[in-house]
1. Pull up segment 133-167, narrow it to residues that are polar (S, T, N, Q) and under 26 Å from the mean Cα position of the chain (by Cα), then point me to the one that is farthest from the ligand (Cβ to nearest atom).
2. Identify the single condition in (1) more than 26 Å from residue 170 (Cβ to Cβ); (2) hydroxyl-bearing (Ser, Thr, Tyr); (3) within 13 Å of the ligand (Cβ to nearest atom) that residue 37 does not satisfy, given that it satisfies every other one.
3. Any residue in segment 200-219 that is open to solvent by 10 Å² or more (accessible area, probe 1.4 Å) sitting within a Cβ distance under 6 Å of a residue that is of a type in the set (D, E, K, R) and at pLDDT 95 or above? List the pairs, counting only those 6 or more apart or interchain.
4. Is segment 260-267 home to any residue that is over 30 Å from residue 46 (Cβ atoms) and modelled with pLDDT of 95 or more?
5. Please determine whether any residue of segment 240-248 is out of contact with any helix residue (DSSP H, G or I) (no Cβ under 6 Å at 6 or more places or on another chain), in contact (Cβ under 8 Å) with a residue 12 or more places away in the chain and within 16 Å of the ligand (Cβ to nearest atom).
6. Any residue in segment 270-297 that's open to solvent by 80 Å² or more (accessible area, probe 1.4 Å): show its pairings with residues that are not in a helix (DSSP H, G or I) at Cβ separation under 6 Å, as long as the two are six or more apart or on different chains.
7. Looking at segment 220-236 only, could you name the residues that are within 8 Å of the ligand (Cβ to nearest atom) and surrounded by fewer than 24 Cβ atoms within 10 Å (Cβ to Cβ)?
8. What are the pairs with Cβ atoms under 7 angstrom where one residue, in segment 315-333, is in contact (Cβ under 8 Å) with a residue 24 or more places away in the chain and the other, located anywhere, is buried (at least 17 other Cβ atoms within 10 Å of the Cβ) and not in a helix (DSSP H, G or I)? Sequence gap at least six, or different chains.
Amino acid sequence: ILSVALFSVMTIGGSSPVTPAAADTVALTYANFPPATTFPCIQMERWVKEVEKRTNGKVKVKTFPGGTLLEAKSMYDGVVAGGADIGCLATAYQPGRFKELEVMDLPIGFPNAKVASLVMWDLFEKYNPQSLKDVKVLTLFTCATAQILANKAIHNLEELNDVKLRAAGTGVEWMKLLGAAPVGMPQSDVPEALQKGVVHGNVTSMDVLKDMKYAEYCPFVTLSDLWVVPFAVVMNKRKWESLPADVKKVFDDLRKEQALWTGKYVDDHANEAMEWSKKEYKVEFIPLSADERAKWMAKVAPLVDSYIKKMDEAKLPGKQIVEDAKALTEKYSK
Ligand code: 3IO
């Protein structure tokens with residue numbers, strides 16, 4: 001404690017000479033829903049480390065992985081209510097709630113998390129979504145493209161038919177159109193559902209083969225590159241407003257950088273988890289042929305039009321958002 005206090009006095013000494021260290025320290029809590037091993041928590045720890053470094057130890061953040069402070073579906077409201085200062089949520093878990101962001105749940109053609117995360121950030125800056133107006137957004141990112149992790153081999157639509165698969169909230173609509181029997185639930189509820197046989201697989205990105213040990217339950221992975229799941233890291237607005245200007249600047253400067261860092265991290269980690277699963281669990285990876293994948297994409301294409309229609313009804317510029325998402329995807333894919 002002493003060394004931290006001294007360090008803090010020294011580093012801020014120039015601007016406020018005799019202020020005690022404690023008064024200058026900002027203590028924050030940061031809630032997350034999945035286990036500490038998973039990428040949303042890895043990016044959380046990275047952000048905390050960067051913030052502590054860039055504020056010379058002025059900001060201290062206590063992290064709560066694994067739903068120990070707030071859980072997946074109560075994350076946004078919990079942060080607004082002040083149950084945590086900062087929270088990480090998957091917006092796709094609550095279909096209809098974060099309408100503008102649902103463009104990220106559509107078959108836009110995001111090639112990976114890096115591109116999708118940058119696109120998401122730019123769209124956020126341009127459209128300043130009403131659904132996030134009660135919080136300060138600290139970063140946005142997505143998971144890598146979703147694959148089908150299952151206890152049976154799925155090569156085509158016939159084999160997918162009626163298979164009970166877990167998907168993130170908005171992924172349910174994709175899986176219905178593809179003929180599967182989807183169940184929506186947060187990633188944090190999946191281990192139990194898989195163990196109990198409530199579902200026969202999980203449609204998600206491959207990082208969790210390793211980080212949540214799904215390789216143990218899912219000996220087959222169909223490489224289908226379906227959706228990405230968008231995430232938002234949000235901060236209680238009053239807390240944000242109470243921060244000193246120099247801290248605000250550090251947080252603001254980190255926002256897009258953190259989106260890029262996380263996208264790259266999870267893309268790489270998904271590939272690493274794939275290799276790990278082959279080696280450790282002999283998981284079989286099944287590529288979809290280009291023809292077969294084209295069939296799948298034709299089935300889910302109507303999702304884009306229904307999104308635009310829903311947005312029209314809500315008086316929101318859905319068509320423009322979709323066009324921008326496509327253009328930005330092209331830009332960042334170069
Ligand atoms: C995810 C959510 C929590 C922890 C690790 C994860 N890897 C990919 C996701 C995406 C997601 O939210 C999901 O539910 O498939």
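The values are calculated or read from the model by the stated rules, or taken from the named source; none is laboratory data. Since this is a predicted model, take the numbers as computed values, not measurements. No Cβ is skipped: glycine too gets one built from the backbone with ideal geometry, and neighbour counts run over all protein chains shown. Accessible surface is based on the protein model in full, side chains and every heavy atom, while ligands, DNA and RNA are left aside. Shrake-Rupley method; radii C 1.70, N 1.55, O 1.52, S 1.80 Å.
1. Applying the first criterion (polar (S, T, N, Q)) to segment 133-167 yields 139, 142, 145, 147, 151, 156, 161.
Filter once more, so that each one left must be under 26 Å from the mean Cα position of the chain (by Cα): 139, 142, 145, 147, 151.
Working: 139: 15, 142: 8, 145: 10, 147: 10, 151: 17 Å.
Step by step, filter segment 133-167, then rank; the result is 151.
2. (1)
3. Here the result reads 200/164, each pair linking segment 200-219 to a residue that is of a type in the set (D, E, K, R) and at pLDDT 95 or above.
4. Looking only at segment 260-267, we keep the residues that are over 30 Å from residue 46 (Cβ atoms), and these are none.
No, segment 260-267 contains no residue that is over 30 Å from residue 46 (Cβ atoms) and modelled with pLDDT of 95 or more.
5. No, there is no match, as no residue in segment 240-248 is out of contact with any helix residue (DSSP H, G or I) (no Cβ under 6 Å at 6 or more places or on another chain), in contact (Cβ under 8 Å) with a residue 12 or more places away in the chain and within 16 Å of the ligand (Cβ to nearest atom).
6. 284/220; 287/223
7. If the condition is that a residue be within 8 Å of the ligand (Cβ to nearest atom) and surrounded by fewer than 24 Cβ atoms within 10 Å (Cβ to Cβ), then no residue fits.
8. 325/108; 326/108; 329/108; 329/110
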